[in-house]
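The structure under discussion appears below in the form of structure tokens.
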């Protein structure tokens, strides 16, 4: 019998972002990017999942009583580093959605590693990259 490794057990994964306003973040991911939001959990509301069939982003309300920065995008530590990278099968529907909702984004960029990428900045400054890598 062959032993199975960790990779054989994985189903999917999700990014987890600490946000400063759960309702504002939910509205952005739902209304601007087209993710489904089934529910906001907690009292007061503090957690939601922005979901698609193949990509999810978990949104966690920051504890604003803490003495630390509440949202810390990777780019605040390393310039231009994304917080979420989502591979796509076709970039045009992403561009169409962004245009339809008036969402600012970078122009499509062809990379040295043979992907075409578009980056969106969410309300907390997180960089969400959509990459088409044939």
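Just so it is clear, none of the values below were taken in a lab; they were calculated from the coordinates. No experiment lies behind these values; they were computed from the predicted model shown. We place every Cβ from the backbone using ideal geometry, glycine too, and count neighbours over all the protein chains shown.
Per-structure values
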| read-out | value |
| --- | --- |
| Two-site FRET efficiency, residue 41 against residue 74, from Cβ-Cβ distance with R₀ of 25 Å, rounded to 0.05 | 0.45 |
| Relative contact order (%) - the chain, alpha-carbon pairs under 8 angstrom, separation at least six | 23 percent |
| Separation of alpha-carbon centers, the range 1-62 and the range 85-134, rounded to whole Å | 18 Å |
| Added length on full extension, which subtracts the Cα-Cα distance from 0.36 nm per residue, residue 6 to residue 63 | 17.2 nm |
| Gain on full stretching of the segment that runs from residue 24 to residue 110 - 0.36 nm per residue minus C-alpha separation | 27.8 nm |
| Alpha-carbon gyration tensor eigenvalues x 5, square-rooted, for the chain, Å | 24, 22, 16 |
| Which of 94, 11 has the fewest Cβ neighbours within 10 Å, and the rest in rising order | 11, 94 |
| Fewest-first ranking of 130, 47, using other Cβ atoms within 10 Å as the exposure measure | 47, 130 |
| Sum of -39500 (n - 2.57) over DSSP H runs of 4+, divided by residues of the chain (222 nm, nearest 500) | -3000 deg cm²/dmol |
| Burial ordering of 77, 32, fewest other beta-carbon atoms within 10 Å first | 77, 32 |
| Per residue Cα convex hull volume in Å³ - calculated over the range 79-134 | 78 Å³ |
| Descending principal axes extents, the range 43-109, alpha-carbon based, whole Å | 42, 31, 22 |
| In nm, spacing of pseudo-spin labels at residue 97 and residue 16 (7 Å Cα→C-beta vector) | 2.4 nm |
